[in-house]
Amino acid sequence: ECAGWFIPSSLLADWRRLAVDRLLAVRRIGYRREVHAWRHTSHPYPDTELTYRGNVMNRKAEAFYRRHGVQSIAPAYEARPVPDATLMSCKYCLRYSMGWCPSHQGKRSPYREPYYLTGTDGKRFRLSFDCKNCRMELKAEP
């Protein structure tokens, strides 16, 4: 007779919740948080000059780079736009993905360049291709 062996799933779920709650309580009692004091460092930054690509947008970022030896710091592109700035550079290439890579696939695009990407806010970004280094760049439109 197997009737005595049946345990309702709701009861099992309650036991599981109770066991987890007790284990968490025991863990909280024995847990000791490690506290580390933040110390400023002064390791030299590899460059002494940062362009807009350094993305320095606020005073704290600027102070950080100055403390690490950077002498010339340009603000981020969002703070002061730079004409013909490269905003992104990537190995992914739309030409290649469409089968129009002159270097690897030997085909030319049926469309006239330059290509543009348009954001939902209406901003346009020009695509340029660095085939020698196999890179696609997204440039700001003036």
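The values are calculated or read from the model by the stated rules, or taken from the named source; none is laboratory data. As the structure is a prediction and not an experimental result, all values here were calculated from the model. No Cβ is skipped: glycine too gets one built from the backbone with ideal geometry, and neighbour counts run over all protein chains shown.
Please determine, by comparing only the residues of the range 88-113 that are polar (S, T, N, Q) and surrounded by 12 or more Cβ atoms within 10 Å (Cβ to Cβ), which one is nearest to residue 54 (Cα to Cα). I'd like the intermediate steps shown before the answer.
Kept after step one, since they are polar (S, T, N, Q), are these residues of the range 88-113: 89, 97, 103, 105, 109.
Restricting the remaining residues to those that are surrounded by 12 or more Cβ atoms within 10 Å (Cβ to Cβ) gives 89, 103, 105, 109.
Details: 89: 14, 103: 31, 105: 35, 109: 34 Å.
Going through the qualifying residues, I end up with 89.
Kindly evaluate residue 112 against the criterion of being more than 26 Å from the chain's Cα centre (by Cα), under 28 Å from residue 82 (Cα atoms) and not in a helix (DSSP H, G or I). Steps first, please.
Numbers: more than 26 Å from the chain's Cα centre (by Cα): yes; under 28 Å from residue 82 (Cα atoms): yes; not in a helix (DSSP H, G or I): yes.
Here the answer is yes, as residue 112 does meet what is asked.
Residue 54: on the phi > 0 side of the Ramachandran plot and free of Cβ contacts under 8 Å to residues at least 40 places away in the same chain, yes or no? Please lay out each step first, then the result.
Details: on the phi > 0 side of the Ramachandran plot: no; free of Cβ contacts under 8 Å to residues at least 40 places away in the same chain: yes.
Spelling it out, it is not the case that residue 54 is on the phi > 0 side of the Ramachandran plot and free of Cβ contacts under 8 Å to residues at least 40 places away in the same chain.
Determine whether residue 64 is in a strand (DSSP E or B), surrounded by 13 or more Cβ atoms within 10 Å (Cβ to Cβ) and not basic (Lys, Arg). If you could, list the steps in order and put the result at the bottom.
Working: in a strand (DSSP E or B): no; surrounded by 13 or more Cβ atoms within 10 Å (Cβ to Cβ): yes; not basic (Lys, Arg): yes.
Answer is no for this residue.
So which of 24, 12, 87 is part of a strand (DSSP E or B) and of a type in the set (A, V, I, L, M, F, W, C)?
On the way: 24 fails: part of a strand (DSSP E or B); 12 fails: part of a strand (DSSP E or B).
Just a single option satisfies the conditions, and that option is 87.
Checking residue 15 against (1) aromatic (Phe, Trp, Tyr); (2) under 26 Å from residue 140 (Cβ atoms); (3) free of Cβ contacts under 8 Å to residues at least 60 places away in the same chain, only one condition comes out false. Which one?
For residue 15, the failing item is (2).
Check off (1) free of Cβ contacts under 8 Å to residues at least 24 places away in the same chain; (2) of a type outside the set (A, V, I, L, M, F, W, C); (3) over 26 Å from residue 140 (Cβ atoms) for residue 59 and give me the number that stays unchecked.
Just one mismatch for residue 59, condition (3).
Across the range 114-140, what is the number of residues that are surrounded by fewer than 13 Cβ atoms within 10 Å (Cβ to Cβ) and charged (D, E, K, R)?
Of the residues in the range 114-140, 5 are surrounded by fewer than 13 Cβ atoms within 10 Å (Cβ to Cβ) and charged (D, E, K, R).
Give just the number: which of (1) outside any loop (DSSP other than H, G, I, E, B); (2) within 23 Å of the chain's Cα centre (by Cα) does residue 92 not satisfy?
Condition not satisfied by residue 92: (1).
Search the range 79-90 for residues that are under 16 Å from residue 124 (Cα atoms) and acidic (Asp, Glu) and pair each with any residue that is part of a loop (DSSP other than H, G, I, E, B) and modelled with pLDDT under 90 when their beta-carbon atoms are under 8 Å apart and the residues are at least 6 apart or on different chains.
Taking only residues 6 or more apart or on different chains, the pairs are 84/142.
Could you list all residues from the range 1-47 that are of a type in the set (Phe, Trp, Tyr), loosely packed, with under 10 Cβ neighbours inside 10 Å and farther than 26 Å from residue 61 by Cβ?
At the first step, the residues of the range 1-47 found to be of a type in the set (Phe, Trp, Tyr) are 5-6, 15, 31, 38, 45.
Then keep just the ones that are loosely packed, with under 10 Cβ neighbours inside 10 Å; that gives 5-6, 31, 38.
Of everything in the range 1-47, those that are of a type in the set (Phe, Trp, Tyr), loosely packed, with under 10 Cβ neighbours inside 10 Å and farther than 26 Å from residue 61 by Cβ turn out to be 5, 6, 31.
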